[in-house]
């Protein structure tokens, strides 16, 4: 079973709990221990400090390192901040960056079409998947609004808590562009149930390293009561297909 | 000095030593800052005849402490004599030692922002190694001291490390009563004027209650603009000598410039 | 450089920090010190509850003060608790009131058309500028209110420094949004604004007494922008907006 | 035993005694749980090689203490040797008495305290005393929902006043209350921690073992709130010796549960 992790943070973050992995070496040790082949990685400074500088640090930290697939954090281009959509696409192409992560709550901006329409049109046109954690959205209604405002963009939402099933089920039903990161999807039998109702294609394996548990994440897939094909799709198939469709 | 004339003709003040004890470089994640790199900060300082500003890096406080302190070192390097540096520790990293930065020319103090670092109280023992160094060298330590609890924690540090010079950032306006109270009990506590919005007369109240000698000009530049705080001090109804002390003479003593 | 303050507040606050210059003569002294020739003032009683009585109290308090012009607080005429459009027009005309201030969150009413259609219809028809603190319709609500009433000129005040990522997209999408400069303090805020938008969408105000007038005037005087742009901000734009009012 | 092979071989934990000290059956109003009846839990336990589990009725059943405990009793009766029960007291209903559940072997092996959900009643409130006296007399384990530091301290207080019962701090060893949990484990012999948490980084169980000693750490999954797979996997792939893992997975529980 080949695992490719869709959510890993490199770089030195501000707050660490005792014994939490921090360095790239510690992350790689966990990836090896959990047999995770490669990981889509973004940089801690891009989330917590300077977005553009953090994206550059990521290029340095992953230079010639085939274990990591590069992911940039994006910001809207208001008052000349960050990059224009054209500059972003050019930068992604030159540096083989294949996906985008956004932090609308942490970085404080609107997801509505009046603000992000142009940006999301580019994501749709170039089939670039957009990654977010569930707590970056104001509510499940905000999630539904985003998914329906931009139906042609694939969104991968991670860290959905086990308490959200009644809120997420109807959204999964209505929004085929809604994918779930399985890292902390701990609902009892959740992976199996989702396969039954929505198909394995809707789930992307991720861990949330270094603050999420990789061991728990791989176990959730290995021990799930689903077929081998379904496990493989979740573990790496869906992500690889999505990233292969990116046109830059 | 005819402060009004300077302002309303848009002419930066002349003949006044202006030293900003509370500056920043580097981006801040929750919202967009205008011109947060060293060049922008230097440009504004030169335009406004500001003789010097001590900056800490926002990423050093809220993100990667090493990357951030390097950012400060680069800024100090680029504008020697104009941009001075605060080094900032991080309590979560045992290997975090900011002495190498304090040894660099141009680094003149320490900046602590417990709130951004997992809301760690500033008198948390994990900050003590930094205070020991500051105490040995008699350095100023600028605290983010917004809430009165933060002011009291900073005052606790002032008492434990009497050889440091503690600057209560923002406290002149927010937790003012607590700040005034602790400033009376500790003579190594100073109060800066860095705040985005407060009413006129706030500066007059500070000078009246704790004396101009204990108030230092700080603007929080690049977090927001320094102009409005400068204007507030310039047009405050306090004597010119008090304005000169606040604008820079006090700081000159604090930072032994 | 002379200034006109597009929004300040009169009246006795329930609570205030020691030294706050809330009394009218203190406000007038600061205005003089800051070369502010005139100001649109609203009353705290109108803003904190008794809107009509507060508006009338304001007229009495500034009757003998030529520098101060009335700015009325307003809310939808639910169960006739406030003037309907025609009565409002007549009263404003009679008392020289040319601007309104709304506070949907504080007054706890919806800002959507189903609730504010009459009031905003009046403001659009008579070209009456409508002021509100940014906190009264923040983030996406700012877009919605500007978008719902495209013919009303909105001036937001008390904005502080953390809003550019929200403000930019609304300025792009809606031409009827103006920014009160009092306490708009991002580093190089005014020059960045003028670079990406235009000085004619900036309106000088102080937010006295809670905001600092000395800071507000300094922000304009020392801004790294042209003299013409400073004049537009200091008084030009508000004079144009007030000139367009047709009661 | 190659625990890594277990995960990748997708084989259950055969040959290892596994006992889950923190389970729930029944409805939870705030969120739709996965299958939460005894039978579906045993189905997962069979797949994973888990020998037994001790459950209390879900906190969602707030007031109906008798109906909830009877629900647990029926489940234990239907699934003897696999599902055991915690009796849950209620501090507001004076008539609440747990002794009938222990007069004969109905499958009950301990007491569960969830003060937070019962009107935020302090965990060491005198109105729980009758349950503590019962547990002390019968030398039973008492599982506390202890997420916050003050909840952990109250559980420790009970341990200090009733030396013959064993306190299990539920969740607390892995939340931000963990320093308090470590202090309690070190101070009292009859205080233990479980591993029930939905999100804690790799290395957190190792940290707990390092601080309180492996004998004090018990496998608990909070099933059916969560799937037990993820905690089992976290344990299997943890950087701990096999003997440590076997103690945590079940041997420690054997010492304080009458199994």
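Please go through the stretch C:123-154 and give me each residue that is in contact with a strand residue (DSSP E or B) (Cβ under 9 Å, 6 or more places away or on another chain) and either more than 14 Å from chain A (Cβ to nearest Cβ) or over 21 Å from residue C:201 (Cα atoms) (or both), ordered by number. Those that are in contact with a strand residue (DSSP E or B) (Cβ under 9 Å, 6 or more places away or on another chain) and either more than 14 Å from chain A (Cβ to nearest Cβ) or over 21 Å from residue C:201 (Cα atoms) (or both): C:123, C:128, C:129, C:130, C:131, C:132, C:133, C:136, C:149, C:152, C:153, C:154. In the stretch B:64-102, which residues are over 19 Å from residue B:221 (Cα atoms) and facing chain A (nearest Cβ under 8 Å)? Selection gives B:64, B:65, B:66, B:67, B:90, B:92, B:93.
Checked against the criteria, residue B:215 counts as more than 9 Å from chain C (Cβ to nearest Cβ), buried (at least 24 other Cβ atoms within 10 Å of the Cβ) and under 18 Å from residue B:237 (Cα atoms). Among the residues of the stretch D:74-132, the ones that are surrounded by fewer than 22 Cβ atoms within 10 Å (Cβ to Cβ), out of contact with any helix residue (DSSP H, G or I) (no Cβ under 7 Å at 6 or more places or on another chain) and in a helix (DSSP H, G or I) come to 8 in all.
Yes/no matrix, rows are residues, columns are (1) under 20 Å from residue C:36 (Cα atoms); (2) surrounded by 18 or more Cβ atoms within 10 Å (Cβ to Cβ); (3) modelled with pLDDT of 95 or more:
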{"position": "C:71", "(1), (2), (3)": "yes, yes, yes"}
{"position": "C:78", "(1), (2), (3)": "no, no, no"}
{"position": "C:83", "(1), (2), (3)": "no, yes, yes"}
{"position": "C:86", "(1), (2), (3)": "no, no, yes"}
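Scanning the stretch B:27-43 for residues that are surrounded by 24 or more Cβ atoms within 10 Å (Cβ to Cβ) and either modelled with pLDDT of 95 or more or more than 12 Å from chain A (Cβ to nearest Cβ) (or both) yields a single hit, B:41.
Let's see how each residue does on (1) within 9 Å of another protein chain (Cβ to nearest Cβ); (2) surrounded by 22 or more Cβ atoms within 10 Å (Cβ to Cβ); (3) over 26 Å from residue A:124 (Cβ atoms):
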{"site": "A:6", "(1), (2), (3)": "no, yes, no"}
{"site": "A:37", "(1), (2), (3)": "no, no, yes"}
{"site": "A:45", "(1), (2), (3)": "yes, yes, yes"}
{"site": "A:83", "(1), (2), (3)": "no, no, no"}
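Restricting the stretch C:177-201 to residues that are within 14 Å of chain A (Cβ to nearest Cβ) and within 17 Å of the chain's Cα centre (by Cα) leaves a set whose member that is farthest from residue B:226 (Cα to Cα) is C:177. Of the residues A:55, A:95, the single one that is surrounded by 19 or more Cβ atoms within 10 Å (Cβ to Cβ), modelled with pLDDT of 95 or more and in contact with a helix residue (DSSP H, G or I) (Cβ under 9 Å, 6 or more places away or on another chain) is A:55. For residue C:208, the conditions (1) over 30 Å from residue B:27 (Cα atoms); (2) in contact with a helix residue (DSSP H, G or I) (Cβ under 6 Å, 6 or more places away or on another chain); (3) surrounded by fewer than 20 Cβ atoms within 10 Å (Cβ to Cβ); (4) at the interface with chain B (Cβ under 10 Å from one of its Cβ atoms) are fulfilled apart from (3). For the stretch D:221-247, a residue qualifies if it is more than 14 Å from chain A (Cβ to nearest Cβ) and either under 13 Å from residue D:17 (Cα atoms) or at pLDDT 95 or above (or both), and the qualifying residues are D:242, D:243, D:244, D:246, D:247.
The residues of the stretch D:6-36 that are more than 11 Å from every other protein chain (Cβ to nearest Cβ), at pLDDT below 90 and under 24 Å from residue D:253 (Cβ atoms), listed by number, are D:14, D:15, D:26. Residues of the stretch C:1-12 that are modelled with pLDDT of 90 or more, surrounded by 13 or more Cβ atoms within 10 Å (Cβ to Cβ) and touching a helix residue (DSSP H, G or I) at 6+ places or on another chain (Cβ under 9 Å): C:3, C:4, C:5, C:6, C:8, C:9, C:10, C:11. Could you list, in sequence order, the residues of the stretch B:209-257 that are without any contact (Cβ under 8 Å) to a residue 40 or more places away in the chain and in a helix (DSSP H, G or I)? Those that are without any contact (Cβ under 8 Å) to a residue 40 or more places away in the chain and in a helix (DSSP H, G or I): B:209, B:210, B:212, B:213, B:214, B:228, B:229, B:232, B:241, B:242, B:245, B:253. Counting the residues of the stretch A:92-122 that are within 19 Å of the chain's Cα centre (by Cα), under 30 Å from residue C:161 (Cβ atoms) and assigned to a helix (DSSP H, G or I) gives 8. Scanning the stretch A:203-241 for residues that are facing chain D (nearest Cβ under 7 Å) and closer than 15 Å to residue D:203 by Cβ yields A:210, A:211, A:212, A:213, A:214, A:215, A:216. Just one of the listed residues (C:173, C:162) is over 25 Å from residue C:128 (Cα atoms), within 11 Å of chain A (Cβ to nearest Cβ) and free of Cβ contacts under 8 Å to residues at least 40 places away in the same chain, namely C:162.
The residue list A:69, A:75 contains one member that is at pLDDT 95 or above, within 14 Å of chain C (Cβ to nearest Cβ) and either farther than 30 Å from residue C:167 by Cβ or surrounded by 22 or more Cβ atoms within 10 Å (Cβ to Cβ) (or both), which is A:75. Here is the figure for the stretch B:1-35: residues that are touching a helix residue (DSSP H, G or I) at 6+ places or on another chain (Cβ under 9 Å) and either without any contact (Cβ under 8 Å) to a residue 12 or more places away in the chain or within 28 Å of residue B:145 (Cβ to Cβ) (or both) total 24. Here residue D:153 fulfils each of the conditions (1) modelled with pLDDT of 95 or more; (2) part of a loop (DSSP other than H, G, I, E, B) apart from (2).
Number of residues in the stretch B:234-245 that are away from every other protein chain (no Cβ under 14 Å) and under 16 Å from residue B:51 (Cβ atoms) equals 2. Does residue B:187 meet the test of being free of Cβ contacts under 8 Å to residues at least 24 places away in the same chain, away from chain C (no Cβ under 14 Å), more than 18 Å from residue B:83 (Cα to Cα) and surrounded by fewer than 20 Cβ atoms within 10 Å (Cβ to Cβ)? The answer is yes for residue B:187.
Scoring residue A:88 on the criteria (1) buried (at least 22 other Cβ atoms within 10 Å of the Cβ); (2) touching a strand residue (DSSP E or B) at 6+ places or on another chain (Cβ under 7 Å) leaves a single failure, condition (2).
The values are calculated or read from the model by the stated rules, or taken from the named source; none is laboratory data. Computed from a predicted model, the values in this text were never measured in an experiment. Positions of Cβ are generated from backbone atoms using ideal geometry, with glycine treated the same way; all protein chains shown enter the neighbour counts.
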